[in-house]
Each structure stands twice: as structure tokens, then as C-alpha cells.
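Presented below is the structure to which this report refers.
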Amino acid sequence: MKILVLNCGSSSLKYQLFDMTDESVLAKGLVERIGIQGSRIKHNRASDEPTIRETDIPDHTFAIKLVLEMLLDSKSGVLKSLDELGAVGHRVVHGGEKNDRSVLVDESVIKDIEDCTYLAPLHNPANLMGIRAMESAMPGVPNAAVFDTAFHQTMPPKAYLYGIPYRYYQKDKVRRYSFHGTSHAYVSSRAAVLLGKPAESLRIITCHLGNGSSITAVDRGKSVDSSLGMGTTPGILMGTRCGDVDASVILYLLEREGDPKRVSDIIHKESGLLGISGISSDLRDVQDAALKGDSRAMLASDVLCESVKKYIASYAAVMSGVDAIVFTAGIGENSDYTRREIVRGLEFMGVRIDDSKNDGLRGKEAFINADDSKVKIMVVPTNEELMIARDTMRLAGK
Ligand code: ADP
């Protein structure tokens with residue numbers, strides 16, 4: 001079966017086409033600047049040079065029409081007919097409390113996604129546009145919704161409740177949801193395979209460190225705590241998001257700026273690595289500047305590593321121990337310096353890195369712990385698209 005995976009943002013659309021007989025990627029691409037001047041599609045077939053087409057792309061329906069054209073194109077295409085497409089998997093950011101697993105889309109699922117829009121106002125409407133556009137482009141082809149929040153729905157109330165009056169949870173479902181669930185699910189199950197043990201026997205801490213980051217405690221295959229919250233600013237320091245801050249800081253900013261929208265921009269877009277360093281939200285730029293002696297850049301990198309270290313230690317406590325720490329996403333997969341600094345000082349809990357295995361390791365599955373380390377330390381590149389394709393195939397095959 002061939003499965004198309006779509007990740008729709010408000011002005012962009014990423015896609016990958018999988019052949020599920022061997023889980024290979026036949027083609028992938030990106031539509032950028034939907035509804036904005038300068039829109040274009042960049043399409044890659046397996047190892048070919050990308051095909052770029054610049055054209056007016058007014059909306060998601062048109063963007064999807066272009067993607068399907070590219071997939072069928074006699075030169076850049078990979079399909080002879082759209083009949084080869086078995087199903088479409090959509091990344092959907094918020095599934096609320098109701099959706100604890102991936103589902104085939106029907107009108108009630110669409111309503112659920114709409115109902116969760118107040119929790120993910122930027123993402124859910126864009127995800128829905130992708131679903132609607134696909135339904136009209138290919139009626140009858142099953143669409144599956146794979147939620148970023150679903151994996152974390154196994155968190156117990158003691159992990160997801162905030163210490164504010166309970167009525168806000170009862171009425172408005174104000175609670176921790178956390179995100180990146182598809183990535184945490186993929187890397188934790190892949191880590192179990194690499195460890196040669198059933199996931200149900202392992203306590204794993206997964207560190208998804210990218211522009212947006214989250215740490216998850218995966219206790220015997222289930223998420224039991226995760227560092228993002230109702231929104232996407234808590235937890236560790238991110239590219240432009242602030243990570244954990246005391247509520248008084250937010251109240252102070254509100255009073256000082258006098259405008260909730262302005263404060264929202266500050267904590268989402270102007271904080272994190274960028275906010276502390278004043279240089280960039282990109283860790284490579286920050287660490288380059290730190291190497292040249294910039295003290296605020298060094299501080300930003302230190303705050304990031306310290307915040308991850310604290311989560312690892314606290315999640316080990318939550319699970320009464322840890323068998324493996326897994327690093328993934330842009331920073332986790334590529335930054336040997338950051339991985340080393342994070343685990344430095346955790347020897348007291350049986351975590352010992354082997355520098356010769358860690359140094360220079362980028363984007364590959366590997367164990368980077370010392371042979372005598374009680375806790376395994378691993379790098380596992382994430383693959384959210386493959387996870388979405390697998391779920392979609394399972395649902396569409398039923
Ligand atoms: P997103 O959350 O947008 O998917 P990514 O997972 O691609 O982000 O991660 C982007 C981050 O990874 C950036 O901060 C980037 O600097 C960092 N990164 C990528 N490669 C390296 C590297 N070699 N060293 C340090 N940081 C890196």
C-alpha cells in the first residue's frame with residue numbers, strides 16, 4: 001500500500017509518500033508561502049535533484065492539487081495513477097482528552113479537531129484545511145488523523161493537573177497535554193528494539209531537542225510525564241520559547257507591557273536561546289558565538305543543558321529509575337557538545353557517557369554510553385512521518 005503523509009501548517013505543507021511494502025520514501029516535498037506572494041513547491045523523488053515550481057498557490061486545496069500533480073508527473077512523479085494511493089495520514093497537533101490514539105477521519109473526528117482549536121489556535125485549523133482539501137481532491141480515500149498529543153494521554157492526573165482551582169480543569173480542560181507525542185512514541189519504541197527488550201519492561205527518558213523541545217518519561221511503553229503543557233512554552237529552554245518560568249514573571253510582563261498579545265509574542269518568539277543570547281534561536285549560531293567568547297551565548301547554552309539535566313533527574317525519580325536516555329531531533333541527534341554537557345554530573349545515578357562514541361556522532365542510531373554505564377545513552381533519529389504512515393496503514397487496512 002502507498003501512503004501519503006501530510007503535515008499542514010497555516011502557510012506551508014510538508015508531504016512524504018511511502019511505499020509500505022518496505023517502508024521506503026518514494027518522494028517528499030514542501031509547499032511554501034501558501035496564500036502569500038512568492039509561493040512555490042519543492043518536490044524530491046528519492047535521490048533525484050529537487051524539482052521547484054514557483055506559482056501562485058492561493059490555498060491548501062490548490063496546494064494539494066499541485067502535490068498530486070507532482071506525484072503523477074511523467075518526469076518527477078512516482079505514481080501512474082492516484083488509484084495507487086491507499087490512504088492519507090495527517091499530522092494533527094491537538095486531539096484533546098478524547099483522542100488517545102490515531103483515528104480514521106469522519107465528521108465526528110472533524111468536530112473533535114474543531115473543538116480543540118482553542119487549545120491549538122495556530123495548528124488545528126491548518127491541519128483541518130489539509131484534511132478538507134484532501135477529502136475534496138480524493139473522495140473515498142481514507143484519511144487518518146495522527147495526534148501530537150495522543151501518546152501523552154496515558155499521563156496520570158497527578159502529572160497533568162496544574163495547581164489552580166479544579167473547576168478550570170472541569171470546565172475548560174485546562175491541564176498539561178504536551179506535544180511531540182509521535183516522536184516520543186517512535187524513538188522510545190525504536191530504542192526498545194535496539195536494546196533487544198520489550199518496551200513494556202523499560203523505563204526510558206526521551207529528549208526531543210529541536211527548535212521546539214520536550215522531554216518525556218516513558219514508563220514501560222507509556223508516557224507518564226512530559227515537559228510541554230497546555231501550551232508550548234513550558235519545560236526546557238527552546239529556540240525562541242522560554243521554558244519553565246514562574247507565573248509571577250508572566251504577571252509582571254503583563255503589567256509591564258499591558259498587552260497579552262505582546263506578552264505572548266515575548267514568551268513564544270523572543271525568548272529561549274534567542275532571548276538570552278541576543279544572537280540567534282539556532283543552537284549552532286549560539287554555540288559558535290560561545291566558542292568565540294560571547295558570554296551571553298555561553299549562558300544560553302548552559303541554561304539549555306541545565307534545564308534538560310533537571311528534567312532527566314526528575315523523570316528518573318518519577319519512574320523510580322531509568323534504563324535508557326534517548327536523544328533525538330535536530331539538537332539531540334547532532335550536537336555532541338550538548339549531549340555531553342547534559343549528562344555530565346549524572347554519574348551518581350549510573351549515567352556515564354563515552355566521549356569517544358559521542359564525539360562527532362551525527363544523525364545516526366548509536367549507543368554513546370560507557371560500557372560500565374548502568375543507564376544506556378542513545379541517539380535515535382526521529383521519524384514522525386514513518387510513524388504516521390504506519391498508523392495510517394494499520395487503520396486503513398482494517
Ligand atoms: P524543529 O523543531 O524546527 O523540527 P529541528 O529538530 O530541525 O527543529 O532542530 C533544529 C535545531 O537543531 C536548531 O537549533 C539547530 O541549530 C540544531 N542543530 C542542528 N544541527 C546541529 C549541530 N550540528 N550542532 C548543534 N545544533 C544543531
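Bear in mind these aren't lab numbers, they're just calculated from the coordinates by the rules spelled out. Please read all numbers here as calculations on a predicted model, not as lab measurements. Using ideal geometry, Cβ is built from the backbone for each residue, glycine included, and neighbour counts are taken over all protein chains shown.
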For the pair Leu299/Tyr166, report the inter-label distance in nm, with labels modelled 7 Å from Cα in the Cβ direction. 4.3 nm
Among Asp148, Asp336, Asp106, the residue with the largest mean-square fluctuation in a Gaussian network model of the chain built from Cα contacts under 10 Å is Asp106
Working from Cα positions, state the angle (0 to 90°, nearest 10) between the long axis of helix 181-195 and the longest principal axis of the chain. 70 degrees
Enter the Cα centre distance for the pair segment 263-320 and segment 192-256, rounded to the nearest angstrom. 14 Å
Most mobile of His152, His90, His268 per a Gaussian network model of the chain (Cα springs, under 10 Å)? His268
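If the only charges are +1 at each Lys and Arg Cβ and -1 at each Asp and Glu Cβ, what is the size of the charge dipole of segment 95-249 around the Cα centre, to the nearest 20 debye?
Value, rounded to 20: 420 debye.
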Using a 7 Å offset from the Cα along the Cα-to-Cβ direction at both Asp285 and Glu114, what is the distance between the two label points in nm, to one decimal? 4.1 nm
Whichever aspartates and glutamates have a C-alpha closer than 12 Å to that of Lys2, once near sequence neighbours (fewer than 8 apart) are set aside: Asp19, Asp22, Glu23, Asp83, Glu84
Lys and Arg at +1, Asp and Glu at -1: add these up for the other residues within a Cβ distance under 12 Å of Glu54 and post the number. +2
Loop-resident sites, segment 161-267, for chymotrypsin sites (Phe, Trp or Tyr not before Pro), counting at most 15 other Cβ within 10 Å (DSSP): Tyr162, Tyr166
Straight distance only, please: which aspartates and glutamates reach the Cα of Lys173 with their own Cα at less than 14 Å, same-chain residues fewer than 8 apart left out? Glu97, Asp112, Asp115
Please report, in debye to the nearest 20, how large the charge dipole of the chain is about its Cα centre when each Lys and Arg carries +1 at its beta carbon and each Asp and Glu carries -1 there. 540 debye
Which one of Lys364, Lys292, Lys197 has the biggest mean-square fluctuation once the chain is modelled by GNM with Cα springs under 10 Å? Lys292
Quick one: angle between helix 295-318 and the longest Cα principal axis of the chain, in degrees between 0 and 90, rounded to 10, please. 90 degrees
For the pairs Lys269/Lys309; Lys222/Lys376; Lys28/Lys222; Lys14/Lys309; Lys197/Lys374, flag any whose C-alpha to C-alpha distance is greater than 27 Å. Lys28/Lys222; Lys14/Lys309
Derived scalar couplings ³J(HN,Hα) [segment 134-149; Karplus, 6.51 cos²θ - 1.76 cosθ + 1.60; whole Hz; x for Gly, Pro]: 5, 4, 7, 6, 9, x, x, 7, x, 10, 10, 9, 10, 8, 5, 8
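For the chain, state the average projected area of the convex hull of the C-alpha atoms over all orientations, rounded to one decimal in nm². Show your work: numbers first, answer last.
Numbers: hull surface 84.6 nm².
Mean projected area of the Cα convex hull: 21.1 nm².
With r defined as the distance between the Cβ atoms of Thr21 and Asp48 and R0 fixed at 35 Å, what FRET efficiency is calculated, to the nearest 0.05?
With a Förster radius of 35 Å, E is 0.95.
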For the chain, what's the relative contact order in percent, using C-alpha pairs closer than 8 Å and at least 6 residues apart? 14 percent
